[in-house]
Amino acid sequence: PTRVDAEAGGRVLLSASISGLDGSTVRWFMGSLLVVRGTLGSDAADVAAGHTDVLRWRRDGSLSLVAVPLSYSHRYSVEVDTVGVEASDFIRKEFILKVSSVQQGEVEHRKWFLEGEEIRSTSHYSLREEQLLIHQLRRGDAGRYSLQLLNPLSEVEGHLNLTVLSEGFPVPTADWLFGGKVLPGPQPGVLDLTNVGVTQGGTYTCQLRNQQSGAQRSKNITLLIYGVCTLYYHY
């Protein structure tokens, strides 16, 4: 079946695109319910009661849905009886329509990956919508992280917030570096990027410094950025 995504309240077309069979009977089913019966090449069609406000027949055999309600998420099938053959011989196509209330710019599903492997919630990783919290950072956490965002209606422009939590006495200062340059942040240890794009992916370095002793420590984090995401690291 062909998957078709639509926004609730919008318009969607289930395209049959049948040509050269004018006069053939076309039947559209919503699940097992016959909802439209029409004839190829004709503007007239019978639409099931209770569906006339949403379903629109098209003379090429396609089915248009207007002001689509969420309840119209369903499996649809179209059958075409070709002229001059037995009714059991027909052309059939199937569609799965998913109507979503997700609006432009919203994210329906999120998945985190490390080097292409999906990250799941464990005692080491905590997933909180767009946030990934890594407990007790270790060498095996080095690598390329990516966040996959799914919105069937649009691409999402995002915001990236990298926060380092440091402990010690006195508390070490923290700077983020990218391309060898110190990046500004709203507060020490926080890197805040807006309108994140893939060009901002790369190696970020968090540099910690004890102002009293002068001791320094740094960590590199490689990021592949797709959209809205927040990473928190405990050192």
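Number of residues in region 115-143 that are open to solvent by 50 Å² or more (accessible area, probe 1.4 Å), assigned to a strand (DSSP E or B) and at pLDDT 75 or above equals 3.
The criterion of being modelled with pLDDT of 75 or more and in contact with a Pro (Cβ under 8 Å, 6 or more places away or on another chain) holds for N210. The single condition among (1) modelled with pLDDT under 70; (2) over 30 Å from A215 (Cα atoms); (3) surrounded by 17 or more Cβ atoms within 10 Å (Cβ to Cβ); (4) polar (S, T, N, Q) that T163 does not satisfy is (2). Can V107 be described as at pLDDT below 90 and either over 30 Å from R138 (Cα atoms) or open to solvent by less than 50 Å² (accessible area, probe 1.4 Å) (or both)? The answer is yes for V107.
Filtering D81, D60, D89 for residues that are more than 30 Å from L127 (Cα to Cα), at pLDDT below 95 and in contact with a strand residue (DSSP E or B) (Cβ under 6 Å, 6 or more places away or on another chain) leaves a single hit, D81. All of A16, A8, A67, A49 fail the test of being among the hydrophobic types (A, V, I, L, M, F, W, C), surrounded by fewer than 16 Cβ atoms within 10 Å (Cβ to Cβ) and touching a residue at least 40 places away in the same chain (Cβ under 8 Å), apart from A67.
The values are calculated or read from the model by the stated rules, or taken from the named source; none is laboratory data. These figures come from a predicted structure and were not determined experimentally. Positions of Cβ are backbone-derived with ideal geometry, glycine not excepted, and every protein chain shown enters the neighbour counts. For accessibility, only protein heavy atoms count, side chains too; no ligands or nucleic acids. Shrake-Rupley method; radii C 1.70, N 1.55, O 1.52, S 1.80 Å.
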